[in-house]
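As C-alpha cells, the structure follows; a few thoughts come after it.
What follows draws every value from the coordinates through simple rules; no lab data is involved. The structure displayed is predicted, hence computed values, not measured ones. FYI the Cβ positions are ideal-geometry reconstructions off the backbone, even for glycines, and counts take in every protein chain you see.
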Amino acid sequence: MKYFAVIDTNVVVSAFLKSNSIPDTLLDLALAGVIVPLLNDEIVTEYKDVLSRDKFAFGDELVNDFIKQIQNVGLYINAEKSDIELPDTKDIVFYEVVMEKRKTDDAYLVTGNIKHFTGEAFIVTPREMLEIIAKDY
C-alpha cells in the first residue's frame with residue numbers, strides 16, 4: 001500500500017539531525033516508495049533553502065542528493081491557492097498541496113508543528129504517520 005504525504009520541512013530537518021529517529025524512519029519510507037512525497041516547486045525550494053543554512057552544516061552534496069532523491073520519488077501537485085490563515089504563512093503551501101491531493105486520494109500532512117495547522121485528522125505527527133502505516137502491515 002502507498003501513502004501520500006506532504007512532509008513538512010521541520011520533519012526533514014529533524015531526520016537530517018538525528019539518524020534512526022522517527023522522522024528519519026519516515027523519510028526512509030518516503031525515499032523507499034512506501035510514502036509518496038507530495039511536492040511542488042515551492043516545497044522543494046524550501047527544503048533546499050532550509051537544509052542549506054549554515055547553522056546546520058549538512059553540506060551541499062548531502063542536500064543536493066536528498067533533493068534529487070525526493071524529486072525522483074515524489075509526486076508534483078499543482079494546488080489551488082487557499083484563503084486559509086495559518087500562524088506561519090510559509091505553511092500554507094503544504095496545506096494547499098495536501099488539500100489538492102485529498103480531492104482524489106487519502107493524503108496526509110506530516111509535521112512536527114501540529115499547532116501551526118488546523119485540527120483535521122489528516123494532519124499528523126511523524127509518529128502518528130508511522131502508526132497509520134504499521135496498522136496495514
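So who's got an amide H within less than 5 Å of the one on VAL6, skipping anything under 5 residues away but keeping other chains? H placed 1.01 Å off N, in plane.
LEU38, TYR108, LEU109, VAL110
Checking the table LYS2/LYS55; LYS81/LYS103; LYS2/LYS90; LYS18/LYS48; LYS90/LYS115 against a 23 Å threshold on Cα-Cα, which pairs fail?
Flagged as over cut-off: LYS2/LYS55; LYS2/LYS90.
What 222 nm value per residue comes from the helices of the chain, counting each DSSP H run with n ≥ 4 as -39,500 (n - 2.57) and dividing by all residues, nearest 500 deg cm²/dmol?
About -14000 deg cm²/dmol.
Suppose every Lys and Arg Cβ carries +1 and every Asp and Glu Cβ carries -1, with no other charges. What dipole size does region 1-107 come out with about its Cα centre, to the nearest 20 debye?
The dipole of region 1-107 has a size of about 280 debye.
Taking R0 as 22 Å, what's the FRET efficiency between LYS2 and GLU128 from their Cβ-Cβ distance, rounded to 0.05?
For R0 = 22 Å, the calculated efficiency reads 0.80.
Here are labelled values, (1) 28, 16, 12; (2) 21, 18, 15; (3) 36, 25, 17, and one is the computed semi-axes √(5λ) of the Cα gyration tensor in Å for what I pasted. Which one?
Computing semi-axes √(5λ) of the Cα gyration tensor in Å and matching it to (1) 28, 16, 12; (2) 21, 18, 15; (3) 36, 25, 17 gives (2).
ILE22: net charge of surrounding residues, Cβ under 11 Å, Lys/Arg +1, Asp/Glu -1, itself excluded?
For residues surrounding ILE22, the net value is -2.
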